[in-house]
1. Anything in segment 237-258 that is touching a strand residue (DSSP E or B) at 6+ places or on another chain (Cβ under 7 Å) and not in a strand (DSSP E or B)? List them, or say none.
2. Just checking, how many residues over segment 156-195 are among the charged types (D, E, K, R) and either modelled with pLDDT under 95 or part of a loop (DSSP other than H, G, I, E, B) (or both)?
3. In segment 127-146, which residues are of a type outside the set (Asp, Glu) and under 11 Å from the mean Cα position of the chain (by Cα)?
4. Go through segment 124-144 and give me each residue that's closer than 18 Å to Phe18 by Cα, at pLDDT 95 or above and assigned to a loop (DSSP other than H, G, I, E, B).
5. State whether the residues of segment 94-116 include one that is surrounded by 14 or more Cβ atoms within 10 Å (Cβ to Cβ), over 21 Å from Ile10 (Cα atoms) and in contact with a strand residue (DSSP E or B) (Cβ under 9 Å, 6 or more places away or on another chain).
6. Would you mind telling me which numbered condition in (1) over 24 Å from Ala283 (Cα atoms); (2) crowded, with 17+ Cβ neighbours inside 10 Å; (3) of a type outside the set (Asp, Glu) Gly148 fails?
7. Quick check on my filter: what residues within segment 124-167 are out of contact with any helix residue (DSSP H, G or I) (no Cβ under 6 Å at 6 or more places or on another chain) and on the phi > 0 side of the Ramachandran plot?
8. What are the pairs, 6+ residues apart or on separate chains, where a residue within segment 174-188 that is over 17 Å from Asn159 (Cβ atoms) has its Cβ under 7 Å from a residue that is of a type in the set (D, E, K, R)?
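The values are calculated or read from the model by the stated rules, or taken from the named source; none is laboratory data. The model shown is predicted, which means the values in this text are computed figures rather than measured ones. Every residue, glycine as well, gets a Cβ built from its backbone with ideal geometry; the counts of neighbours run over all protein chains shown.
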Amino acid sequence: MHKHADMLSIGQLSQSEFADLLSMAAAQRLDRCDYALAGKNLALIFEKPSLRTRVTFEVAIRQLGGWPILLGPIESRLGERESIPDLARNLSLWVDGIVARVFKHVDLEEMASFATVPVINALSDWEHPCQALADVLTLWDVWQHFEGKSVAYVGDWNNVSRSLWKACELAGIGFRAICPSGFGPSAGENPAWFTETDAVEGVDAIYTDVWASMGQEDELEERVEVFRPYQVNERLMAKAGTDCLFMHCLPAHRGLEVTDAVIDSKWSVVFQQAANRLPSEKAILVSLLESDHEASEESRARILGRLGHVDHHSMAQRKLWM
């Protein structure tokens, strides 16, 4: 059985590989139905509720000529009805890829280790790579270059912020984490971390997420008290300066991590982020499942020329995410 690639973490990518995906995602918006996945079937596993990820992956697969197969709620409970290795082995007999939105990243890694088809992380407790790619694509749409730009993530350090941090590093975007003590980066992670919200001064975009992720709902009351000073409101946006963008992966808890005045303002790009989930996921699908795809030199140069040296070897000649 030939060795294949998976997309489990933004950290698996080199700078040039990440930039390839950005240029491919931008190109996908111009060619909505290129049938790159014609004749291919993909299994979708959703342990967690989903709106953006569920809809965009189904639409992406169909627009590319493939067929999405959504597993039912019982079959999607990893390790309950049958072991994860057995699930992965069985699915590999029938489908060409697996898209999985899971609670535990270790379950995703176990699935990938036993599957003989590509496995894509549609969200885990450790990372959300599809969201991060869409986020950076959104910033490129607005800024057209990344030189001297910076993003501040404000709130609870989680899967979204972790992938965003890694994506910003690959894109050459400055990154600051602004999180309360006890809710910041894990041991071994080294983003610039501040506990005071004054650290947003001078940034070009402020990003936030819910204060209690799925599975932490019983902690919400306690977390509201901890995170209240970290609410992204007009006062906090003013600290950053004029023209600062607001970002959120959605769904948003309006009145908690962000106010209506901010999320509905002209500086909010939350719906551009949501829109960019579709071309970003199409780029990931094509890069993993179409053997002869190559990003166009023109589209790649537009983005990657601002990211430093780029390896222009065909994507078909090398494996991503090994």
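1. Within segment 237-258, Met237, Ala240, Cys244, Ala252, Glu257 meet the criteria.
2. So the answer is 2.
3. If the condition is that a residue be of a type outside the set (Asp, Glu) and under 11 Å from the mean Cα position of the chain (by Cα), then His128, Pro129, Cys130, Gln131, Ala132, Leu133, Ala134, Val136, Leu137 are the ones that fit.
4. Glu127, His128
5. Yes, segment 94-116 contains at least one residue that is surrounded by 14 or more Cβ atoms within 10 Å (Cβ to Cβ), over 21 Å from Ile10 (Cα atoms) and in contact with a strand residue (DSSP E or B) (Cβ under 9 Å, 6 or more places away or on another chain).
6. It fails just one condition, (2).
7. Matches in segment 124-167: Gln144, Gly148.
8. Gly174/Lys149
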